[in-house]
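Student: This is the structure I want to talk about, given as structure tokens.
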Amino acid sequence: MERFNEIVESEAGSKFILQGNEAFALGVIHAGFHAADGYPGTPSTEVIDKSLKYVQDLITVGWSVNEAVAVGVAIGHSIAGSDAVVTMKIPGVFQAGDAITTSAFYTADAGALVIYAATDYAPSSTQHVIDSRYFFSASRLPVIEPRNHQDMYEAAWIAADISRKFNTPVIVLASGILAHSEGLVLTKKSRKIERRPLPEKLHAWMLMPEIARRNYNKATQERIPYISEWLETSPLVSEEKGNEDWGIVLCGESDIIVREALKNINKNPSILSLGMTYPLPKERIKKFTSGIKGKIFVFEDGDRYLENQLRLLSIPVVGKEENSVITDWTPEMIIGQLSKHIDLNYKIKKQEFAIKAVSRPPSICPGCPYRTFALCIDKLKKKKKLYAVFGDIGCSTLLHFLNSLDTVCCMGASDSLRQGFVLSRPEYASKTISLIGDSCECHTGLDSTRNAIFRHTAGIKVILDNSITAMTGGQPAPSSKTNLAGVPNTFSLKRAVEAEGGRMVVVDSYNLKEVEKALVESLEEAEKGVYTTMILEGLCIQEVENKKKIRKISRNYDLCKRCLRCNICPGIEFDADKKPSFTNFCTFCGGTTPVCLQCCPFDAIIYDENATEKTSPPVFEKVGEIGILATEKEKLADSMRLAIRGIGGQGNLFFGKALSEVVLRTPYSESNIVKGDTHGMAQLGGPVISTFSCGSVYSPVLAPGSVDVLIVMEISEVLRPGFLELLKPNGTILFNNYLVLPVAMKREDYPDVDKIFDALKEYHVIKIDANKIAYGLGDINGKTANVVVLGLLSSIAPFNSIPENVWLSALMAISPNDYIKATNKLSFEAGRKQNQ
């Protein structure tokens, strides 16, 4: 998203395929906001991290240490007359709850205050499926729920206008699905907003109890009724007349999910679509529902908030079933719900396999500095020297899958839980530890550290310091070298911890022996009543420069006993005879002493400067300008849909990026283009699904029986429930013959590949060895395997209706330099030849 500064300067009426977070950020700039603040939290992070941080000459932007602080900073901007937005995920809303609810009852003239909160109703990257609309409505805070990517862009404008007009903070409650998918956005003419003048005094921002009561009454009796009246004719409410006798009332992201489902079953009911759910346009709702003769269905993300509000208006609606656990709808669920009450004459064909999909829990990255800690904890547990590890939020949560983390509550709470446990069971002070990352320690963890000293609670707190906020993509934390603006940090985590009191130990996280020694000594000190904070320092592997990640170790198979002690990382795999070999995921532990080498008791892993095979690719000529052949509209299908399954690290996101560029060069750019991707924990070695659709399409979540082509980048991923059901009856499966074993899985436990292919014999399957082809072209790591598959896809109906030159032109546009252009062109053409 480094292109964001270029997008910002585009002319009004420009079209872009933007991630929802990026669309909102663009709206923030075009709407004239002066400031943005927040704390990284999936799925909200990209508003700042991938967008606003690139235009710091246009807006004051930064990360704060936690959400409560960020809200306070944004309130300060607003008091100063600036329009401000603050970003967070839903758990952050509750962490900042005091600041948010207090700000709700400021009623003086100020700059706009917008709180952007991204939901995660799956959930895929948080532990929250709580519907925050009850909390916001009780706080008398208006709630906007964007319905599509265009709404995500325009929400910033509307929210700022409401905030200034009605002197209120405004919530933009964005679906995580919209936030992390991409869609077509049409830009508006940007505007400049002057800061409001400062008042003579700031007494209007004093909220003692009597004033708070008075302002609550004003917000309840004036603010909300005024906004409700304004909403009756607002563009946030849209109405469409259909030809069915039944109708639908919906809100937020459910809009595009419902439309995708209706498209698939060829139904056209009347729809009332709400882009704001607090307050509601009650008269508009009553008028719409009174005109529906048949059943009225209600669809919404989260709980049954809207449904309950409609029932309070005495409107009989069909909503979720009693005790329903649906918090985010899919097209399949929509069809299922409608079919319970209406004869749709539509059946979803279920595909069940006797073979089960491989369990792929998300894992820490190859070369992660946390791995030594995990190995030591597992060893201590097996020796019965350690009972439990109390954990925290972030990358460290993934250590649960390595038997080195037992609990998770909320950010910063790991040592609080340990303290309570030990205060209740003092004999466990030396048998339990707490674990937290450096950014979480700076977030709220230092409070627990201070509490341990204050309460004289013996034990160990381990801080895994990788100098970054890693799980959300590598944002600067107070423990990083610089802040978002690139200014060097003067904060020192070690000095801050030391100042709290207690014993402090600092260890190189890549030194296996030293980590184990420090843990054992600290447990012994805990037995004596000492509280130790142990800081393990090691840079996040994603922040290490690539040249340090080139593998310089190999194996001496004469010494290898095939004991499986090095089976600790995705960078190593084993054949059926337990013979180990390095995979292309190996990162050489970022140039430190590789952990696998430290684990080998037989010296079978050795340093080797020439360990990574050097394959000289062919000499390429510079790729010149590729002309675009016209794509005839009448030859294009009404729509095209694609779904890709693979695992995190295979580059699945590339397909959507490339296809977006392709179809923007065709008449599809006049309709709609939508991309959907898995984000969050699933990226880290877990199962990943990506979708792409264009034409008469709506949603990144696709309906069963609607997809033209399925791509399988790793053999067993085809077995994921619901994946094959997406395929049209005459659709095609492109199957990459590539196998990846999860960490610690034995080859014999992997599904029988022949049986998988046999189960697919009734489908139109085209096999390709994309990784081998890429390797043969000089790509020793198989990184261009996805480009090879893209070439094959370009030759398959209906994607083959787009001329080859259009594909190549798009591919060159996303290739950053001449070498990559030439490599990608060669890989694309090699893949395309596989279907000739």
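The values are calculated or read from the model by the stated rules, or taken from the named source; none is laboratory data. Just so you know, these numbers come straight off a predicted model, no measurement behind them. Because the Cβ atoms are built from the backbone with ideal geometry, glycine has one as well, and the counts that use them run over all protein chains shown. What goes into the accessible areas is simple: the full protein's heavy atoms, side chains included, and nothing from ligands, DNA or RNA. Shrake-Rupley method; radii C 1.70, N 1.55, O 1.52, S 1.80 Å.
Student: If the convex hull of the alpha-carbon atoms of region 418-551 is projected onto planes in all directions, what is the mean projected area in square nanometres?
Tutor: 9.0 nm²
Student: Read phi for every residue in region 3-13 and hand back ³J(HN,Hα) as whole Hz from Karplus 6.51 cos²θ - 1.76 cosθ + 1.60, θ = phi - 60°, with x for Gly and Pro.
Tutor: Once rounded to whole Hz, the list reads 6, 4, 5, 6, 4, 4, 8, 5, 6, 4, x.
Student: With semi-axes √(5λ) of the Cα gyration tensor in Å as the read-out, I listed [x] 111, 32, 22; [y] 49, 31, 27; [z] 42, 38, 26; which label goes with the value calculated from this structure?
Tutor: Computed from the coordinates, semi-axes √(5λ) of the Cα gyration tensor in Å corresponds to [z].
Student: Can you classify region 543-588 as rounded, prolate or oblate using the Cα gyration tensor, where a ≥ b ≥ c are the square roots of its eigenvalues, rounded means a/c under 1.5, and otherwise it's prolate if a/b beats b/c and oblate if not?
Tutor: Verdict is prolate for region 543-588.
Student: What accessible area, in Å² to the nearest ten, does a 1.4 Å probe give for residue 480?
Tutor: Surface open to solvent at residue 480 totals about 10 Å².
Student: Which percent of the accessible area of the chain is formed by carbon and sulfur heavy atoms (probe 1.4 angstrom)?
Tutor: 50 percent
Student: Seen from all sides and averaged, what is the projected area of the convex hull of the Cα atoms in region 228-324, in nm²?
Tutor: If I average the Cα hull's projected area over directions, I get 6.1 nm².
Student: Take 425, 191, 562 and sort them by solvent-accessible surface of the protein heavy atoms, 1.4 Å probe, largest at the top.
Tutor: Putting 425, 191, 562 in descending order of accessible area: 425, 562, 191.
Student: If contacts are Cα pairs under 8 angstrom and at least 6 residues apart, what is the relative contact order of region 116-218 in percent?
Tutor: 30 percent
Student: Below 8 Å between Cα atoms, with a sequence gap of 6+, how large is the relative contact order for region 690-806 in percent?
Tutor: 20 percent
Student: Next question, about the same structure. Of 188/675; 767/833; 481/552; 188/633, which pairs sit farther than 24 Å apart, going by alpha carbon to alpha carbon?
Tutor: Checking Cα-Cα distances, 481/552; 188/633 exceed 24 Å.
Student: Mind grabbing the accessible area of residue 517 for me, 1.4 Å probe, Å², rounded to tens?
Tutor: 110 Å²
Student: If we count every other residue with Cβ under 12 angstrom of residue 571's Cβ, Lys/Arg +1 and Asp/Glu -1, where does the sum land?
Tutor: Net charge around residue 571: +2.
Student: In Å², and per residue, what accessible area does the chain have when probed at 1.4 Å with the other protein chains present?
Tutor: 42 Å²
Student: Mind ranking 728, 287 by accessible surface for me, highest first, 1.4 Å probe?
Tutor: Ranked from most to least accessible, the order is 287, 728.
Student: Find how many whole Å separate the alpha carbon centroid of region 309-388 from the alpha carbon centroid of region 125-152.
Tutor: Cα centres, region 125-152 to region 309-388: 21 Å.
Student: If one computes the Cα centroid of region 735-813 and of region 266-285, what distance in Å separates the two points?
Tutor: The two parts, judged by their Cα centres, are 43 Å apart.
Student: Just round it to a whole percent: the fraction of Cα-Cα distances in region 792-831 exceeding 16 Å.
Tutor: Percentage above 16 Å: 32.
Student: Okay, moving on. Return a whole-number percent for the relative contact order of the chain, with Cα pairs under 8 Å and 6 or more residues apart as the contact set.
Tutor: 10 percent
Student: Return the long-range amide H neighbours of residue 170 (sequence gap of 5 or more, or a different chain), with a cut-off of under 5 Å between placed amide H atoms.
Tutor: 113, 114, 115
Student: Using a 1.4 Å probe and ignoring any ligands, DNA or RNA, find the accessible area of residue 220 and quote it in Å² to the nearest 10.
Tutor: Approximately 50 Å² of residue 220 is accessible to the 1.4 Å probe.
Student: Name the long-range amide H neighbours of residue 711: under 5 Å, sequence gap of 5 or more, or other chain; modelled H, no Pro or chain starts.
Tutor: 643, 644, 645, 734
Student: Sticking to Cα atoms, compute the Rg of region 433-503 to one decimal and its Dmax as the biggest Cα-Cα distance, whole number, in Å.
Tutor: When restricted to the Cα atoms of region 433-503, Rg and Dmax are 12.8, 39 Å.
Student: Can you list residues whose amide H is under 5 Å from residue 437's amide H, if they're 5+ apart or on another chain and H is modeled 1.01 Å from N?
Tutor: Here 464 satisfy the definition.
Student: What is region 675-801 by shape, rounded, prolate or oblate, if you read a ≥ b ≥ c off the alpha carbon gyration tensor as root eigenvalues and call it rounded for a/c under 1.5, prolate for a/b larger than b/c, and oblate otherwise?
Tutor: rounded
Student: Put 763, 39 in order of accessible area, largest first, 1.4 Å probe: what do you get?
Tutor: Final ranking, largest accessible area leading: 763, 39.
Student: Ok, one more. For region 737-801, state the semi-axes of the equivalent ellipsoid (square roots of 5 times the eigenvalues of the alpha-carbon gyration tensor), sorted largest first and rounded to whole angstrom.
Tutor: Three semi-axes, in Å: 24, 20, 8.
Student: So between residue 483 and residue 427, what do we pick up on full extension, going 0.36 nm a residue minus the alpha carbon distance?
Tutor: 15.9 nm
Student: To check my understanding: the extent here is largest minus smallest coordinate of the Cα atoms along each principal axis. What are those three numbers for region 88-221, in Å, largest first?
Tutor: Here the Cα extents, ordered largest to smallest, are 45, 38, 23 Å.
Student: Measuring from a point 7 Å past the Cα of residue 490 along Cα-to-C-beta, which residues in region 54-70 have an amide N at less than 18 Å?
Tutor: 65
Student: Among bridges DSSP assigns within the chain, what percent are antiparallel (round to 5)?
Tutor: 35 percent
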